[in-house]
Amino acid sequence: MSYLALTDADLEAMLETIGVSTVEELFADLPAGVRLGRELDLAPAMSEQELNAYFETLAAENLHVGAELSFLGAGMYDHYVPAIVDAVLQRGEFLTAYTPYQPELSQGVLQAIFEYQTAICELTGMDVSNASGYDGTTVAADACFIAKHATGRSKVVVTEATNPQVRQVVKTYAPGFGLEVVEVPHRDGATDPDELREAATDAACVIFQHPNFFGVLEAAPDLAAAANDAEALPVAHVDPLSLGVLQAPGNYGCAIAIGEGQAAGNYLSYGGPHYGFLAARSEFIRRMPGRIVGETTDAEGNRGYVLTLQTREQHIRREKATSNITTNQTLLALAGLVYLSWLGPEGLHEVGETCMALAEHAKERLGLPLAFPERPTFKEFAVRVGRPAHEVVQSARECGIQPGYVLGRDYPGLDDVLLVALTEKRTPEEIDRLAEVLAA
Amino acid sequence: MKLIYEKSQPGRRAGRPPRPAGLAAAEVPPELARSDPPRLPELAEPDLMRHFTELSTRNFGIDTGFYPLGSCTMKHNPRINERLAALPGFRDLHPHQEEDGAQGALRLCWELQEVLAEITGLDAVSLQPAAGSQGELTGLLLMRAHFAERGEGEQRRKVVIPDTAHGTNPASVTMAGYELTPVKTDPRGNIDVEDLRGKVDEHTAGLMLTNPSTLGLFDENIEEIAAIFHRVGALMYYDGANLNAVCGISRPGDMGFDIVHINLHKTFSQPHGGGGPGGGPIAVGKRLEPFLPVPAIVRDGKRFRLDYDRPQTIGKVRGFLGPFGVFVRSYAFIKAYGPRLREMSAVAVLNANYLLARLRDAYELPYDRLCMHEFVLSARTLKREHGVTATDVAKRLMDYGFHPPTVYFPLVVPEALMIEPTETEAKETLDEFADAMIAIAREAAEDPELAKSAPHGRAVGRLDEVKAVKRVVVRYLFDEHPDLSAEPAAAGVVEAPKGV
């Protein structure tokens with residue numbers, strides 16, 4: 001198949017206008033030594049119909065959340081994505097646009113991002129949001145950059161109960177930023193504020209996840225206070241779908257709020273593309289990485305939107321930029337805006353409440369000992385299964401149930417612990433099935 | 001047009017999540033409970049759909065029309081790729097699914113790695129980076145790991161970058177903790193080799209180069225340049241932003257590059273979604289493979305698995321395996337061409353040279369050579385003689401129904417217009433665009449106000465970017481939202497890169 005429009009007659013006319021006789025001549029500047037001189041060793045071109053068949057075969061080899069009854073979470077969640085999200089995202093004017101460099105032709109995307117920034121600020125209680133980051137891991141590295149430059153300090157503290165992938169990405173970025181990373185262990189599934197306060201001495205920031213990786217509600221206001229006591233910036237990594245029921249980080253003293261946006265309006269898609277969000281108090285706006293959309297007017301006084309504060313950015317400031325980001329995740333952030341608008345404040349509260357109620361119901365119904373029995377949780381909880389959790393996963397999957405995440409993958413000593421996630425897509429009947437399989 | 005928040009009415013709603021009957025309510029500890037609800041929009045679904053549809057009509061995509069935004073490779077986005085990415089086996093697959101339940105996805109990733117290795121002429125690929133710029137950072141972190149292992153980490157601090165480079169290159173250098181060494185461009189548009197020689201020594205970690213460059217020119221001395229770096233033990237990094245020019249014709253690995261990033265949203269047609277998603281896989285030579293991000297996707301006979309046992313890895317740069325949905329689309333795009341990717345690049349180069357031939361007399365051409373997939377003109381003469389700038393030309397093109405080219409970039413060309421037609425445009429479209437550009441140059445002499453007051457009839461006129469910087473309003477403030485139209489315009493014009 002071909003996506004080219006060129007005909008033989010076009011080719012002839014174009015070569016004549018250019019003043020060459022073959023296309024080959026256009027490559028005259030390439031030294032002989034760097035030319036491939038053979039055909040690429042790739043399978044022959046496929047027609048659209050063949051593509052369709054081939055990719056359907058590959059897709060059929062995957063057990064997706066509709067093929068197995070899934071209680072997997074651990075950072076990515078099977079929440080419902082409404083049809084309106086698909087409809088908006090397939091509008092070619094959004095889907096096939098580049099970054100909105102020319103505002104007069106990009107008001108649709110620019111206004112949508114402005115509305116998205118507003119939604120993120122409302123969710124998090126922050127003053128400013130960027131236009132999105134790559135995902136919930138890289139925005140943590142972005143927060144470290146802001147904190148380093150705002151405080152002049154070169155240590156960052158991350159709680160061990162923060163998503164392991166977030167911690168890994170922070171550690172990967174740290175050497176380039178000249179940062180040292182210190183982890184604070186969890187105590188029975190939650191972070192001890194006193195321990196955190198001690199670790200936060202001379203730190204640029206303290207990153208904690210709430211609800212944390214175990215689903216546990218941290219004493220978030222106390223953790224933020226502990227960081228503030230040490231004059232380290234408190235950074236909360238939050239689940240957007242928790243923010244209808246849980247307090248906004250801006251209301252308990254956080255300087256920066258970050259998170260993975262997938263749960264709000266994005267499909268699982270085997271890990272991406274999704275969007276990360278990054279919001280902060282207004283004093284940090286000029287240190288923020290990424291695109292930011294601002295309001296302005298044209299000469300007639302008409303309201304309009306533009307990419308703004310671009311002197312932070314690589315295409316102007318080059319080596320002195322706050323980040324190298326150019327591509328972000330606009331389309332996925334747009335999905336987030338459509339989703340949050342579809343839910344509205346009532347709906348967001350209801351989803352959070354339902355997930356939490358289902359999780360409480362599941363704890364009771366499963367009847368297994370909780371790994372952290374004293375801790376309140378949100379939509380996910382850790383249970384002890386009495387034998388290696390990966391064996392339990394294997395036997396449950398033979399019954400068509402994906403029962404959860406094996407915490408021992410990341411936390412030595414928790415090999416018999418399974419992390420079970422409940423979204424509003426699960427039902428009490430499905431929880432019954434899980435209980436039966438785990439009891440067997 | 002109103003903001004969605006201005007259309008909101010208390011009590012109105014669209015979505016209603018189900019609530020199982022008889023489920024007891026759960027209590028949030030009071031000290032952690034939300035005090036004030038977020039002021040999210042409250043609209044019924046019909047008005048939501050109209051809002052986003054109206055927004056879309058105020059936006060321009062490749063589906064709307066010709067989009068020759070230089071260095072962004074705005075080509076047709078085949079819709080089959082959207083259908084394939086939405087197959088439930090891909091779209092609804094949990095990234096923590098066990099390997100035996102994700103064999104199709106892992107095979108797809110592995111096959112994409114293989115084809116990218118063949119296209120780039122290198123040995124090993126990581127799909128993980130989320131975008132080209134993150135690929136750059138990843139590549140530089142690989143350099144750091146490589147030199148640290150050789151005990152040269154402290155010694156090699158400098159990365160050489162030509163003055164034509166994308167801004168991401170120097171920004172990535174800083175993020176990776178390296179220092180920038182700039183190198184000049186010679187009168188033919190190649191790297192100035194004499195300038196280069198004096199700047200490369202045992203303190204150099206490597207070079208970052210886009211080839212063809214942002215001038216749309218293939219560096220004729222690439223073999224000599226590679227030798228200069230390799231002689232002192234430094235590495236060569238290829239910024240793949242312009243790979244669309246050379247697929248199947250010349251491979252970065254064969255040019256002497258050790259690390260390459262590929263922009264899947266450029267060369268391989270992932271729709272860019274108004275600013276993302278993208279994909280920035282990197283390909284490397286054998287000696288850098290041990291440092292690649294984890295997990296690696298490997299094949300054991302007929303099975304595919306994730307390998308975390310890479311003791312020398314730099315770690316992770318993003319969650320999971322990378323933007324998987326992007327891999328589906330780009331791999332489908334590549335399979336639609338197969339070895340005919342060569343033809344794709346050849347036509348991209350043909351289209352660019354045709355446009356260049358049609359426009360070379362109407363505008364200034366600072367580097368008079370055959371171009372590759374794009375070329376750079378200058379509106380300097382129009383500015384000097386008629387006061388019509390590159391921005392004015394760009395805005396006037398909107399009146400003719402075209403998206404403007406990249407402007408004010410690369411920085412080495414004053415009043416730059418960087419034009420990349422891509423391979424998917426028909427000759428008629430190229431002719432209509434050339435006619436418009438020629439007409440604009442003529443108008444500039446006859447009636448310069450036409451361009452200076454452009455665009456006409458768009459959703460908004462030229463926006464006051466300086467005001468947006470001075471009076472920062474970056475979210476809706478509800479009852480306290482300011483009326484910026486009542487505030488004076490800011491003085492000054494922003495002539496900064498728009499594009500790339």
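Some notes on this structure:
- What the pair-distance distribution of region B:191-231 shows, using all Cα-Cα distances binned every 5 Å from zero, is 6, 21, 34, 25, 11, 3, 0 percent.
- Eigen-decomposition of the gyration tensor built on the alpha-carbon atoms of region A:84-337 gives equivalent ellipsoid semi-axes of 31, 20, 16 angstrom, largest listed first.
- Relative contact order for region B:82-339, counting Cα pairs under 8 Å that sit 6 or more residues apart, in percent: 27 percent
- FRET efficiency for the B:His203 to A:Asp229 pair, using the beta carbon distance and R₀ = 30 Å, is estimated at 0.10.
- Counted over all Cα-Cα pairs of region B:82-339, pairs farther apart than 32 Å make up 20 percent.
- Modelled spin labels at B:Gln312 and A:Thr311, positioned 7 Å past Cα toward Cβ, are 4.5 nm from each other.
- Of interest is the spacing of the C-alpha centroids, which for region A:302-353 and region B:181-228 amounts to 36 Å.
- Using bins of 10 Å that start at zero, the share of Cα-Cα pairs per bin across region B:254-408 amounts to 8, 24, 30, 20, 13, 5, 1, in whole %.
- Computed 3J(HN,Hα) for region A:328-341, one whole-Hz value per residue from the Karplus formula 6.51 cos²θ - 1.76 cosθ + 1.60 where θ = phi - 60°, is 10, 10, 3, 5, 6, 5, 4, 4, x, 5, 4, 4, 5, 6, glycine and proline marked x.
- Other-chain or far-sequence residues with amide H under 5 Å of B:Thr164's (modelled H): none
- Pairwise Cα inverse-distance average, inverted: Kirkwood Rh of region B:110-209 (Å): 14.8 Å
- Helix A:107-124 axis, angle to chain A major axis (alpha carbon atoms, nearest 10°): 10 degrees
- Across chain A, Cα pairs under 8 Å and at least six residues apart give a relative contact order of 19 percent.
- Working from label points 7 Å from Cα in the Cα-to-Cβ sense, the B:Phe478 to A:Glu374 distance is 3.8 nm.
- Alpha-carbon Rg/Rh ratio, for region B:9-120, with Rh computed the Kirkwood way: 1.10
- Spherically averaged projected area of region A:147-193 from its Cα convex hull (nm²): 3.5 nm²
- Under-5 Å amide H pairs with A:Asn62, H placed in peptide plane, nonlocal only: B:Gly104
- Against the empirical curve 2.2 N^0.38 Å, the C-alpha radius of gyration of region A:356-440 lands at a ratio of 0.99.
- Approximate shape of region A:31-151 as ellipsoid semi-axes (Cα gyration tensor, √5λ), whole Å, largest first: 35, 26, 21
- What the Cα atoms of the protein assembly as shown give is an Rg and a Dmax of 26.9, 86 Å.
- The Kirkwood hydrodynamic radius of chain B, based on inverse pair distances between different Cα atoms, is 25.2 Å.
- J(HN,Hα) series, region B:158-163, from Karplus relation 6.51 cos²θ - 1.76 cosθ + 1.60, nearest Hz, glycine and proline x: 10, 10, 8, 9, x, 6
- Rh (Kirkwood; distinct C-alpha pairs) - region A:73-224, Å: 17.7 Å
- In terms of overall dimensions, region B:342-466 has a Cα radius of gyration and Dmax of 14.3, 45 angstrom.
- Within chain B, antiparallel bridges make up roughly 55 percent of the DSSP beta bridges whose residues both belong there.
- Couplings 3J(HN,Hα) of region B:296-311, computed from phi: 7, 9, 10, 10, 10, x, 8, 9, 10, 8, 9, 10, 9, 7, 10, x Hz, in residue order, whole Hz [Karplus 6.51 cos²θ - 1.76 cosθ + 1.60, θ = phi - 60°; x for Gly and Pro].
- For region B:445-500 versus region A:128-167, the inter-centroid distance based on Cα atoms is 33 Å.
- Relative to the longest principal axis of the Cα atoms of chain A, the long axis of helix A:8-18 lies at roughly 70 degrees.
- For chain A, diffusion coefficient by Stokes-Einstein and Kirkwood Rh (Cα), 25 °C, 0.890 mPa s, µm²/s: 102 µm²/s
- Cα-based reach from B:Lys498 at 16 Å (exclusive), listing lysines while leaving out same-chain residues under 8 positions away: B:Lys395
Rule-based calculations on the coordinates, nothing more; no lab input. Remember, it's a predicted structure, so these values are computed and weren't measured experimentally. Glycine also receives a Cβ, built like all others from the backbone with ideal geometry; neighbour counts cover every protein chain displayed.
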